[in-house]
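What follows is a short report on a single structure.
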Amino acid sequence: MIMVAIQNFRSVDRLLAEPRGAAEQIGKLGRDEARTLLRFQVSEQNRWYFETWEKIQLALGLGLLALTSRQGRLLFWLAAAMFALLMVERFYLTPEIVRIGRLIDFAPQAPERHTFWVFHGAYSAVELTKLALGFFLSTRLIFFSRKLDVIDESDHRHIDR
């Protein structure tokens, strides 16, 4: 998602650098006004992407909690920590980033700009923490999870997976 958000903003500058079919419309608005309007549109898209991705993560997180509940306490608590961080993002950081972002969309010198970047930094730190926890959790699930004893129904042999 971070890559998508960055590329969306860069697309505005790419369009302004080489407007092709949009040159006339950009000329009518003026380059600075067109940039402001396009960045507003990109901001709204990114807000929707982040909110939607968080909803998907809620479902994935519940599934991970269910999976790890049978894998031991460490894995369950790692998944629970990731889920708790997601809840902080979903119900505190993201609503504030959206609210403050909309305040500063058309006000480049708004005093809230600093607060926006503080929240944005906190969001990034939470994402990196979730990524690290997820990496550790995945490694534990893949390489160190309990071996399953499965019975092959066709010939009743035990298979160690």
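Every condition in (1) open to solvent by less than 50 Å² (accessible area, probe 1.4 Å); (2) in contact with a Ser or Thr (Cβ under 9 Å, 6 or more places away or on another chain); (3) not basic (Lys, Arg) holds for ALA107 except the one numbered (2).
For the stretch 86-98, the set of residues classified as open to solvent by 40 Å² or more (accessible area, probe 1.4 Å) and either touching a helix residue (DSSP H, G or I) at 6+ places or on another chain (Cβ under 6 Å) or farther than 29 Å from LEU64 by Cβ (or both) consists of ARG90, GLU96, listed by residue number.
Those helices (runs of 4 or more DSSP H) of the stretch 23-118 in which 2 or more residues are in contact (Cβ under 8 Å) with a residue 40 or more places away in the chain occupy 31-68, 73-88, 94-104. Scanning the stretch 120-161 for residues that are part of a loop (DSSP other than H, G, I, E, B) and either hydrophobic (A, V, I, L, M, F, W, C) or at pLDDT 95 or above (or both) yields one hit, LEU148. Of all residues in the stretch 13-34, exactly one satisfies the criterion of being open to solvent by less than 80 Å² (accessible area, probe 1.4 Å) and under 16 Å from ALA107 (Cα atoms), namely ALA34. Answer yes or no: is there a residue in the stretch 8-31 that is in contact with a helix residue (DSSP H, G or I) (Cβ under 9 Å, 6 or more places away or on another chain) and under 17 Å from TYR123 (Cβ atoms). The answer is yes; a qualifying residue exists. A single member of PHE116, PHE91, PHE76 is modelled with pLDDT of 95 or more, aromatic (Phe, Trp, Tyr) and closer than 30 Å to PHE144 by Cβ, and it is PHE76. Within this structure, ALA122 fails the test of being closer than 30 Å to PHE144 by Cα and either of a type in the set (S, T, N, Q) or out of contact with any His (no Cβ under 8 Å at 6 or more places or on another chain) (or both).
Okay, residues lined up against (1) basic (Lys, Arg); (2) within 30 Å of THR139 (Cα to Cα); (3) at pLDDT 95 or above; (4) open to solvent by 70 Å² or more (accessible area, probe 1.4 Å):
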site	(1), (2), (3), (4)
LEU37	no, no, yes, yes
GLN41	no, no, yes, yes
ILE56	no, yes, yes, yes
LEU65	no, yes, yes, no
ALA84	no, yes, yes, no
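The values are calculated or read from the model by the stated rules, or taken from the named source; none is laboratory data. Computed from a prediction, not measured in an experiment: that's the story for all the values here. FYI the Cβ positions are ideal-geometry reconstructions off the backbone, even for glycines, and counts take in every protein chain you see. Note: areas computed on protein heavy atoms with side chains; ligands, DNA, RNA excluded. Shrake-Rupley method; radii C 1.70, N 1.55, O 1.52, S 1.80 Å.
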